[in-house]
Amino acid sequence: MAIRVLARHAVHNLKSIVAFQTPKPQSLSTVNQIPVSRDISPQSPFRKQISLFNLFQRHGFPPSQLHGFLKKNQFFQNYNLPELEKSLGILFSFQIPQKFILSLISDCPRLLEFEFLKKWEMGIAKLGVSGVSPLVIRNVLEFSRRFELNPDDVSRCVKVLKGLGFSDGTVDRILEEFPRVIMSNESEIQRKIQFLLGIGIPESGIDGIFHSLPGILGLGIEDRLEPLLDEFGKLGFSEDVVRREIYREPRMLGMELGEMSRCLELLGTLKCRVPIKEKIFREGALRAGFEVKLRVDCLCRYGLIRREAFEVLWKEPRVIIYEIEDIEEKIEFLVHRMRYNVGCLIEVPEYLGVNFDKQIVSRWNVIEYLRSKGGLGCKVGLKGLIKPSRLRFYNLYVKPYPECEKLFGRFSRDVEVRNRHPVGLWKLMKPQKHPESKDDVKNMKCFVESL
């Protein structure tokens, strides 16, 4: 009896399941009323996003950045895809390097509006500058899009600059570094020229000043340039010295107020060997202060704050006499090859003062080889790599491992050690021996007995 009841209950459940899963027949009108999902329609946002993704990827945009880029700039979904593709084609036709185009689109995505680029397609050729650089095109396009400028506005600015006597190279340089000149009027530029003539810069050198420091067009005369010259005078520099150094290095006019005073204060407290200090001041104190400023800026570009940069220079004054390119090469090697943080320079500033090839690369090659072979008992930090003398480093890490001698180079057995003097020279330098007389022997005995 119990088995019969359970069987009836199972059959009833099976019919219920079948009835639940079997759809009811619907009329044609009912089917037409069923809404179609927007996510699978040809014009859905999802499909539009996939099309945009493929379009940007075909034009070289990194796929890893596309998701965040499209999410940040959702207005691209309102663009006409054929027009957007034409805009990218126009942008690439300007012969701009791909890395510039990608950064330009990332910084100013609304630049891809078709009507804007269509105006500039012919406007680039009307700028009036021969051999326009890709950086000029990039900056002009970005600046014009942000401030709603036309190609006629840019060509008018170029005519003004040429009318004031600037060469094509200087005009190109100004548009690269200071595109805001497009919104400047002719009187403002003429005031800067008259200021330079007033401090003694010859007319033939004006073009070179603006070529070296295009940003001078954005500096005020009353609130920046004149106070800077007053500061140089209060520091004890004559007008002739200031004029000569500005004519030689126009970037000196771009220094902040008080920056030269801070640099000279550092130079006055240096504790270093006399030959190094003589090399630092070999071209005068004003030039030495500017060299300090350049190296501080270099260190700050890699992540140090100004106080830390001044501390590094104070601890390692040899950095001041090295070229900027050499310093950058050492920092690039430190960060990208050795995988150290740039903050390590505060603790080991000697890294910037030693020879790159002989003392940095060679030692690093030895340590890397020993680390790969498991020959290091403990971790060797930057201090352990730079601080030891050459002989001590050789005895610690090279001498026990003959295969490291070629990597190290110094004290290698394959290197022929040349004598400092010709063989037998000591015989020529040996003092002449005079024969001793009886009187000399007698005097010596008397002297010894008196003692």
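The values are calculated or read from the model by the stated rules, or taken from the named source; none is laboratory data. Predicted model, so just to flag it, every value in this text is computed and none were measured. Cβ sites come from the backbone with ideal geometry, for glycine too, and all protein chains shown count toward neighbours. With ligands, DNA and RNA removed, areas are computed over all heavy atoms of the protein, side chains included. Shrake-Rupley method; radii C 1.70, N 1.55, O 1.52, S 1.80 Å.
Which residues, taken from region 220-251, are in contact with a Leu (Cβ under 8 Å, 6 or more places away or on another chain) and open to solvent by less than 30 Å² (accessible area, probe 1.4 Å)?
If the condition is that a residue be in contact with a Leu (Cβ under 8 Å, 6 or more places away or on another chain) and open to solvent by less than 30 Å² (accessible area, probe 1.4 Å), then Leu225, Leu228, Glu231, Phe232, Val242, Glu245, Ile246, Pro250 are the ones that fit.
Any idea which residue in region 314-330 is surrounded by the most Cβ atoms within 10 Å (Cβ to Cβ), counting only those that are assigned to a helix (DSSP H, G or I) and of a type outside the set (D, E, K, R)?
Taking the candidates together, the pick is Val319.
Filter region 281-310 down to the residues that are closer than 28 Å to Ser238 by Cα, among the aromatic types (Phe, Trp, Tyr) and open to solvent by 40 Å² or more (accessible area, probe 1.4 Å) and list them by number.
Once the filter is applied, which keeps residues that are closer than 28 Å to Ser238 by Cα, among the aromatic types (Phe, Trp, Tyr) and open to solvent by 40 Å² or more (accessible area, probe 1.4 Å), region 281-310 yields only Phe281.
State all residues of region 331-360 that are open to solvent by 10 Å² or more (accessible area, probe 1.4 Å) and within 19 Å of Ile276 (Cβ to Cβ); if no residue qualifies, say none.
Result: Glu350, Val354, Asn355, Phe356, Lys358, Gln359.
Can you tell me which condition Lys192 does not meet? The list is (1) open to solvent by less than 60 Å² (accessible area, probe 1.4 Å); (2) more than 22 Å from Asp223 (Cβ to Cβ); (3) part of a helix (DSSP H, G or I), and all the others hold.
Every condition holds for Lys192 apart from (2).
So that you can scan it fast, the table gives a plain yes or no per residue for (1) over 24 Å from Leu345 (Cα atoms); (2) out of contact with any Gly (no Cβ under 6 Å at 6 or more places or on another chain); (3) of a type outside the set (A, V, I, L, M):
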| residue | (1), (2), (3) |
| --- | --- |
| Arg248 | yes, yes, yes |
| Met252 | yes, yes, no |
| Cys263 | no, no, yes |
| Leu266 | no, yes, no |
| Glu283 | yes, yes, yes |
| Val296 | no, yes, no |
| Lys330 | no, yes, yes |
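Looking at Lys118, Lys48, which is the one that is surrounded by 14 or more Cβ atoms within 10 Å (Cβ to Cβ), out of contact with any Gly (no Cβ under 9 Å at 6 or more places or on another chain) and modelled with pLDDT of 80 or more?
Lys118
Residue-by-condition table, conditions (1) within 27 Å of Asp153 (Cα to Cα); (2) touching a Pro at 6+ places or on another chain (Cβ under 8 Å); (3) part of a helix (DSSP H, G or I):
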position	(1), (2), (3)
Gly68	no, no, yes
Phe76	no, yes, yes
Leu84	yes, no, yes
Ser87	yes, no, yes
Phe92	yes, no, yes
Ile96	yes, yes, no
Phe100	yes, yes, yes
Ile105	yes, no, yes
Trp120	yes, yes, yes
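Among the residues of region 368-409 satisfying the criterion of being outside any loop (DSSP other than H, G, I, E, B) and small (Gly, Ala, Ser), which is least open to solvent (accessible area, probe 1.4 Å)?
Looking at the filtered set, the residue picked out is Gly384.
Has region 200-207 got at least one residue that is among the hydrophobic types (A, V, I, L, M, F, W, C), at pLDDT 90 or above, under 19 Å from Leu286 (Cβ atoms) and outside any loop (DSSP other than H, G, I, E, B)?
No.
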